[in-house]
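What follows is one structure encoded as C-alpha cells, with my remarks underneath.
The values are calculated or read from the model by the stated rules, or taken from the named source; none is laboratory data. On a predicted model such as this, the values are computed, not experimentally measured, just so you know. A quick note on method: Cβ atoms are made from the backbone with ideal geometry, for glycine too, and the neighbour counts reach across all protein chains shown.
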Amino acid sequence: GLERESGRSVAVKVISKSRIKMLAPGRELMVYDEVRILRRLDHPHIIKVLDVFDTDAELSVVLELAKGGDLLEYILESGR
C-alpha cells in the first residue's frame, strides 16, 4: 500500500473474519488481542503496526514495510 499523506510504502495484511471463524472457531478474540499488543510495541527490531481497519468482513492491519525477502527463505538458503 501507499500512505497518502507521506507517500511512503506500507504493508497491508488483510485477515478474513470468516476464515478465522472457520480455522479457529471461538478464537476470534485472540486475533484482536494480538493486534492490540502489537500496536503498543515500539522497538527497532519489531515491525510497527501503523493502523488497523475493522469491517464486518475483514480486519486490515497496516504495517511498516520490511524489504529484503522472507526470513524463512533466508534461513533455508543460508543453512542456519
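Couple of notes before you dig in:
- Hits in the stretch 14-33 (condition: surrounded by 12 or more Cβ atoms within 10 Å (Cβ to Cβ) and not hydrophobic (A, V, I, L, M, F, W, C)): SER16, LYS17, LYS21, GLU28, TYR32
- Residue within the stretch 44-57 that is small (Gly, Ala, Ser), part of a strand (DSSP E or B) and at pLDDT 90 or above present: no
- Residue check for GLU77: in a helix (DSSP H, G or I) and surrounded by 11 or more Cβ atoms within 10 Å (Cβ to Cβ): no
- Whichever residue in the stretch 7-33 is modelled with pLDDT of 90 or more and part of a loop (DSSP other than H, G, I, E, B) and, among such residues, is farthest from GLY68 (Cα to Cα): GLY7
- Tally of residues being surrounded by 12 or more Cβ atoms within 10 Å (Cβ to Cβ) and under 12 Å from GLU64 (Cβ atoms) across the stretch 34-46: 1
- Residue-level analysis places LEU72 outside the set of residues that are in a helix (DSSP H, G or I), surrounded by 13 or more Cβ atoms within 10 Å (Cβ to Cβ) and either modelled with pLDDT under 95 or among the small types (Gly, Ala, Ser) (or both).
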